[in-house]
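Notes follow once the structure below has been shown.
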Amino acid sequence: MDIEKIKGQTGINKVIFKREVTSTNDEILNEKQGDTLMVAFFQSKGKGRYGRKFFSPENGLYFSYLLNEEMTFQQSQFITPIMGIAASYAIDEIFGVNTSIKWVNDVLLDGKKICGILTECKVDKNICHDIVVGVGINVYQTDFPEDIKDTAGFIEEKKDSDKREELVIKIMQNFLEFWSEDRDSLVEKYRNKATFIGNEIKVHKNGDYISATAMNINDDFSLKVKYNDGTIEDLNIGEIFL
């Protein structure tokens with residue numbers, strides 16, 4: 001990883017590369033200095049939503065960005081979908097594929113998860129600080145554990161040239177550009193990637209998996225669903241299964 005190249009092409013103040021970390025989301029908090037980016041090729045304790053482990057083999061790309069600002073909790077909820085758009089567009093451009101987004105934090109290729117996003121922050125009286133958004137991408141072919149081998153995928157078999165440096169640069173360029181865009185254009189980008197809209201899904205709610213139809217992505221990135229009994233709900237948090 002060429003640290004100076006990443007800094008020069010993204011404008012990020014501080015860039016750190018470690019071949020192996022426990023978790024980039026955790027370790028970046030020890031390196032606070034303005035806006036900071038930490039990149040790794042392996043995580044020994046990668047984590048996902050709801051305290052789950054995130055499988056992080058050596059053929060992947062894992063990075064976290066520490067935003068140098070404070071915002072309301074409501075504003076912070078836009079970070080994950082905007083990073084999702086940034087990652088999806090970058091992967092398509094660099095690898096010549098066509099990814100989609102599964103609400104709210106997964107990027108899919110050929111129906112399999114290749115990228116997960118986790119945003120964390122500290123909240124004090126509805127104000128978020130120490131805001132970190134982490135991205136984990138299965139870039140090159142790997143052997144997945146039994147419990148995820150049917151749902152996890154990778155972008156491509158490893159070639160002679162390693163594209164991970166190019167990928168992290170493009171994702172962060174996209175994110176920083178998209179972050180300053182008006183929300184309407186961002187929501188439209190997200191809708192274009194949300195190919196599950198109109199389809200039957202399962203909503204994970206109160207320990208149950210409830211059948212519903214995904215109706216639309218709302219203007220605040222929430223998901224409008226219609227349950228089989230006709231009830232309509234806007235999901236601001238939660239998890240769906242396709």
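The values are calculated or read from the model by the stated rules, or taken from the named source; none is laboratory data. Just so you know, these numbers come straight off a predicted model, no measurement behind them. Cβ atoms come from the backbone with ideal geometry, glycine included; neighbour counts cover every protein chain shown. Ligands, DNA and RNA are stripped out before the accessible areas are found, and what is left, the full protein with its side chains, is counted by its heavy atoms. Shrake-Rupley method; radii C 1.70, N 1.55, O 1.52, S 1.80 Å.
In nm, what is the difference between 0.36 nm times the number of residues separating residue 98 and residue 206 and their Cα-Cα distance?
Details: separation 108, 0.36 × 108 = 38.88 nm, distance 3.35 nm.
The span from residue 98 to residue 206 would gain 35.5 nm if fully extended.
So how do 62, 89 rank on accessible area, 1.4 Å probe, biggest first, that is with the largest at the start?
Details: 62 0, 89 75 Å².
Sorted by accessible area, descending: 89, 62.
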Which order do you get for 19, 183 if you rank them by accessible area with a 1.4 Å probe, largest at the top?
19, 183
Treating the angle as unsigned and between 0 and 90°, give the value, to the nearest 10°, between the Cα long axis of helix 79-95 and the longest Cα principal axis of the chain.
70 degrees
Note: residue 130 to residue 166 extended length (0.36 nm per residue) minus current alpha-carbon separation gives 10.3 nm
Unpartnered cysteines - no second Cys beta carbon under 4.7 Å - across the chain
115
How about region 126-195: which GluC sites (Glu not before Pro) there are in a DSSP loop, with at most 11 other Cβ atoms within 10 Å of their Cβ?
146, 157
Antiparallel bridge percentage (DSSP; both residues within the chain; nearest 5)
85 percent
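May I ask for the net charge around residue 228, where only other residues with Cβ less than 12 Å from the Cβ of residue 228 are counted and Lys, Arg are +1 while Asp, Glu are -1? All intermediate terms of the calculation are to be shown ahead of the outcome.
On the way: positive: 202, 226; negative: 200, 229.
Result for the local shell: 0.
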Please give the solvent-accessible surface of residue 204 in Å², to the nearest 10, using a probe radius of 1.4 Å with every protein chain present.
60 Å²
Keeping all protein chains in position, work out how much accessible area residue 42 exposes to a 1.4 Å probe, and write it in Å² to the nearest 10.
50 Å²
According to a simple spin-label model (label point 7 Å from Cα along Cα-to-Cβ), what is the distance in nm between residue 184 and residue 122?
3.9 nm
In whole Hz, what ³J(HN,Hα) sequence does region 11-17 give by Karplus (6.51, -1.76, 1.60; θ = phi - 60°), x for Gly and Pro?
x, 6, 5, 9, 10, 10, 10
In terms of modelled amide H atoms, which long-range or inter-chain residues lie less than 5 Å from the amide H of residue 17?
39
Residue among 126, 13, 216 with the largest mean-square fluctuation in a Gaussian network model of the chain, springs linking Cα atoms under 10 Å
126
SASA check, residue 7, accessible area w/ 1.4 Å probe, all protein chains in place, rounded to nearest 10 Å², comes out at 60 Å²
Take the chain, connect every pair of alpha-carbon atoms lying under 10 Å apart with a spring to form a Gaussian network, then pick out the residue of 168, 123, 135 with the largest mean-square fluctuation.
123
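When ligands, DNA and RNA are left out and all protein chains stay put, how many square angstrom of accessible area per residue does region 89-204 have with a 1.4 Å probe?
Numbers: 5580 Å² over 116 residues.
It amounts to 48 Å² per residue over region 89-204.
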With the full set of protein chains in place, find how many percent of the accessible area of the chain is carbon and sulfur; take the probe as 1.4 Å.
44 percent
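How do 128, 121 stack up against each other in accessible area, from largest to smallest, with a 1.4 angstrom probe? Don't jump to the answer; show the numbers that get you there.
On the way: 128 0, 121 45 Å².
Ranking 128, 121 by accessible area, largest first, yields 121, 128.
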